[in-house]
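Taking it in order: structure first as structure tokens, then the write-up.
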Amino acid sequence: MPPTERLVIVGGDAAGMSAAAQARRLRGPDELEIVAFERGAHTSYSACGIPYWISDTVPGPDALVARSPEEHRSRGIDVRTRTEVVELDLAGRRVRARATEGPEGGGERESWTSYDRLVLATGARPVRPEVPGADAPGVHCVQTLGDGEALLRTLAEVERRRGPRHAVVVGAGYI
């Protein structure tokens, strides 16, 4: 017999997966289906630890992950990584999601998922100052593990070319 209700969560990091875990503690899989959409590849990671990974104090991004998508799935939470919610139909109580890449993705495949309850836990986006060069190559906003990977690729390229050895950090948040 299918669950009586479905909870859809948009965002698979701290807030979204905490909501999912709490919902699962309160109601079992026979009562509540939980579907969580995360546009990145990782869930439940320490964004505040990204500078330690970049500085090589932490060995890699896996050391920053508290619970992988597989661990959430083993607890009865249907986590769909590399899948971005692109539309909310509040009247129809459904979300439209686009699988973007990777094994769960497949490039631009879209589908609708209905819900009884919805949690939006998408976080925030960094604000780039409106100054010339803010969108130039080599300028990075770092908020996700994917952003950290992109920054490390840029640093490796600079090192390979023996390029500039200076950086400017703008912003005073934890990351």
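Data for the structure
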read-out	value
Fraction of beta bridges assigned by DSSP in the chain that are antiparallel (%, nearest 5)	45
Debye, to nearest 20: dipole size of region 1-116, +1 on Lys, Arg Cβ, -1 on Asp, Glu Cβ	220
Dimensions (Å) - region 27-157, Cα atoms, principal axes, largest first	48, 33, 25
Net charge, Glu5 excluded, C-beta distance under 15 Å - Lys, Arg +1, Asp, Glu -1	+1
Full-extension gain in nm, Thr113 to Ala167, via 0.36 nm per residue minus C-alpha separation	15.1 nm
When region 14-63 is reduced to its Cα atoms, the Kirkwood hydrodynamic radius in Å	12.9
Estimated FRET transfer efficiency when R0 is 35 angstrom, pair Asp135-Leu90 (beta carbons, to 0.05)	0.60
Fraction of accessible area attributable to carbon and sulfur, the chain (%, probe 1.4 Å)	53
Rounded to 10°, Cα long-axis angle of helix 14-26 versus longest principal axis of the chain	20
Glu159 versus Thr4: modelled label distance in nm, points set 7 Å from Cα along the beta carbon direction	5.7
For the chain, accessible area per residue (1.4 Å probe, heavy atoms of protein chains only), Å²	64
Contact order normalised by residue count of region 1-125, Cα under 8 Å, 6+ apart, percent	30
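The values are calculated or read from the model by the stated rules, or taken from the named source; none is laboratory data. Bear in mind that the values here come from a model prediction, so they are computed numbers and not experimental data. In this analysis, Cβ positions are derived from the backbone assuming ideal geometry, glycine residues included, and neighbour counts consider all displayed protein chains. Heads up: the accessible areas ignore ligands, DNA and RNA and are worked out on the full protein's heavy atoms, side chains in. Shrake-Rupley method; radii C 1.70, N 1.55, O 1.52, S 1.80 Å.
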